[in-house]
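In what follows, a structure is listed as structure tokens, so that the remarks can point back to it.
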Amino acid sequence: MTPSRVLIHGAGIAGPALAYWLARHGYRPTVVEQAKELRSGGSAIVVKEPALTVARSMGILTRLREVATGSRVLSLLDQDGRQLLRVPTTSPQSIEVTRSDLSTVLHQAARDDAEFLFDDTITSLRQDRSGVEVTFRRSPPRRFDLLVGADGIHSPVRRLAFGPAEQFTTDLGMYGATVPIEPGALDDPEVAVMLTAPGRMLTIHPSRGKPLAMFTFRGGRVPGYDRHDAAFHKRIVAEAYAGIGWRSPELVEAYQNHPAPFFDPLANVRMDKWSRGRVALLGDAASAVALFGDGSSMAMAGAHTLAEALAAHPDDHERAFQAYEAKHRRQVDPRHRRVSLVATLLVPRTRHGLVLRNTAVRAVGLATRNSTSSRQNSRV
């Protein structure tokens, strides 16, 4: 019998994108999400190829442009808050949106053709040759033909079907933290501002009128770390940014005063295989690559690839999973190989490394301005 009932765990980016495409191929997708509703806020992300082609095929490209963040320029500051360089960030080949806006647009595209269950999660699964028995925290047990974990770097599906996260995740020795700040904290709603010091980066991003302060910093794993302990996270952020100038004290205070700011160690997920029996993984659950900033684009592209593979092999899920993995790994594997270099460029460890990075950024910025000027002159 052709598989038709697919449970997708996670309603962030990959989940609704997969639901949309599966429905187009005659499947009956159900998406379960442990949050009570689509999450609000979130950092700005860049939708670029191959996700732009996927978005165009879904008919959501115009909507994404409507909810673009409005950020046009990145102002890079030195440790004393002096501007080093202003770099244009807009491009015809990309659209910057907040993660929550992208999730909302994808959900709107999929909701009429998929079942969505919020405020629930799976607690156990048992698969056999013909399907997967799933128990939920709230809903009655159900049986599906396939199960896809599109539930992020801390994926419950990966843990239940493949094993503990420690087997597949590699810490980068870095942390990421964000907190919303008052709109009045922005000098210019079109300019994102980034300050870097050795081992630390601090960014204010406009995020479509809902600005965020973003902390990215180096540090070893703290003994007793608990990813649910907000008070612990606040202490780590305060200690990491003590002694940093510019607006650091003000932004750290905003982080301390927020009831539930975001905090997570930055890590990669690498797996030898993305499927086991009738269970497959998608997006960050299968192949998270921190720091690249295109995880959402990879999630959308992977969702399309997986749906196309299942449509091409409707009676052979194992062959479909193999085809999906073989094609999508060509997108994500090179990013894994470059992550150490990106980390070094983004958050240099030393003052010397910071000087070298800033020199390179200035050179790139100058080349970009010269190229832009040449194109404008040629039009004249």
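Checked against (1) under 14 Å from the mean Cα position of the chain (by Cα); (2) farther than 24 Å from GLN127 by Cβ, ALA286 meets all criteria but (2).
Is it the case that PRO265 is in a strand (DSSP E or B) and under 30 Å from LEU85 (Cα atoms)? Step through it out loud before you land on a result.
Values: in a strand (DSSP E or B): yes; under 30 Å from LEU85 (Cα atoms): yes.
Yes.
Can you pull out every residue in the range 188-209 that is farther than 19 Å from THR90 by Cα and either among the polar types (S, T, N, Q) or in a loop (DSSP other than H, G, I, E, B) (or both)? THR196, PRO198, GLY199, listed by residue number. Exactly one residue among SER130, SER139, SER124 is among the polar types (S, T, N, Q), outside any strand (DSSP E or B) and more than 27 Å from HIS313 (Cα to Cα), and that residue is SER139. Filtering the range 142-171 to residues that are assigned to a strand (DSSP E or B), touching a Leu at 6+ places or on another chain (Cβ under 8 Å) and modelled with pLDDT of 95 or more leaves ARG142, PHE144, LEU146, LEU147, VAL148, GLY149. Residues that are crowded, with 20+ Cβ neighbours inside 10 Å and out of contact with any Phe, Trp or Tyr (no Cβ under 8 Å at 6 or more places or on another chain) were ranked within the range 173-200; the one that is farthest from SER43 (Cα to Cα) is ALA197.
Restrict the check to the range 112-125 and report whether at least one residue is in contact (Cβ under 8 Å) with a residue 60 or more places away in the chain, over 20 Å from SER57 (Cα atoms) and β-branched (Val, Ile, Thr). Please lay out each step first, then the result.
Applying the first criterion (in contact (Cβ under 8 Å) with a residue 60 or more places away in the chain) to the range 112-125 yields 113-122, 125.
Applying the additional criterion that residues be over 20 Å from SER57 (Cα atoms) yields 115-122, 125.
Right, trim to β-branched (Val, Ile, Thr) and you get 121-122.
Within the range 112-125, one or more residues are in contact (Cβ under 8 Å) with a residue 60 or more places away in the chain, over 20 Å from SER57 (Cα atoms) and β-branched (Val, Ile, Thr).
Looking at the structure I just gave you, is VAL279 modelled with pLDDT of 95 or more, among the hydrophobic types (A, V, I, L, M, F, W, C), under 23 Å from the mean Cα position of the chain (by Cα) and more than 28 Å from ASP187 (Cα to Cα)? Yes: the conditions hold for VAL279.
Filter the range 206-240 down to the residues that are among the polar types (S, T, N, Q) and within 25 Å of THR344 (Cα to Cα) and list them by number.
We begin by selecting, within the range 206-240, every residue among the polar types (S, T, N, Q); these are 207, 216.
Of everything in the range 206-240, just one residue is among the polar types (S, T, N, Q) and within 25 Å of THR344 (Cα to Cα), namely THR216.
Cβ separations smaller than 9 Å between residues 6+ apart or across chains give the following pairs from the range 330-346 residues that are without any contact (Cβ under 8 Å) to a residue 60 or more places away in the chain and farther than 14 Å from ARG218 by Cβ to residues that are polar (S, T, N, Q) and in a helix (DSSP H, G or I): VAL332/SER287; ASP333/SER287; ARG335/SER287. For the range 247-290, filtered to residues that are touching a residue at least 40 places away in the same chain (Cβ under 8 Å) and among the polar types (S, T, N, Q), the residue that is nearest to GLY219 (Cα to Cα) is ASN268. Scanning the range 248-264 for residues that are surrounded by 19 or more Cβ atoms within 10 Å (Cβ to Cβ), under 30 Å from GLY149 (Cβ atoms) and out of contact with any helix residue (DSSP H, G or I) (no Cβ under 8 Å at 6 or more places or on another chain) yields one hit, PHE262.
Please pick out the residue among THR178, THR170 that is within 30 Å of SER71 (Cα to Cα), in contact (Cβ under 8 Å) with a residue 24 or more places away in the chain and of a type in the set (S, T, N, Q). I'd like the intermediate steps shown before the answer.
On the way: THR170 fails: within 30 Å of SER71 (Cα to Cα).
Exactly one of THR178, THR170 is within 30 Å of SER71 (Cα to Cα), in contact (Cβ under 8 Å) with a residue 24 or more places away in the chain and of a type in the set (S, T, N, Q), namely THR178.
Inside the range 217-235, can you point out the residues that are assigned to a helix (DSSP H, G or I) and either charged (D, E, K, R) or surrounded by fewer than 18 Cβ atoms within 10 Å (Cβ to Cβ) (or both)? Selection gives ALA230, ALA231, PHE232, LYS234, ARG235.
Counting just the residues of the range 90-111 that are of a type in the set (Gly, Ala, Ser) and touching a residue at least 60 places away in the same chain (Cβ under 8 Å), which one comes out surrounded by the most Cβ atoms within 10 Å (Cβ to Cβ)? Step through it out loud before you land on a result.
Residues of the range 90-111 that are of a type in the set (Gly, Ala, Ser), as a first pass: 91, 94, 100, 103, 109-110.
Add one more test, that the residue is touching a residue at least 60 places away in the same chain (Cβ under 8 Å), and what stays is 100, 103, 109-110.
Working: SER100: 20, SER103: 23, ALA109: 21, ALA110: 25.
Restricting to residues being of a type in the set (Gly, Ala, Ser) and touching a residue at least 60 places away in the same chain (Cβ under 8 Å), the top hit is ALA110.
The values are calculated or read from the model by the stated rules, or taken from the named source; none is laboratory data. Remember, it's a predicted structure, so these values are computed and weren't measured experimentally. Positions of Cβ are backbone-derived with ideal geometry, glycine not excepted, and every protein chain shown enters the neighbour counts.
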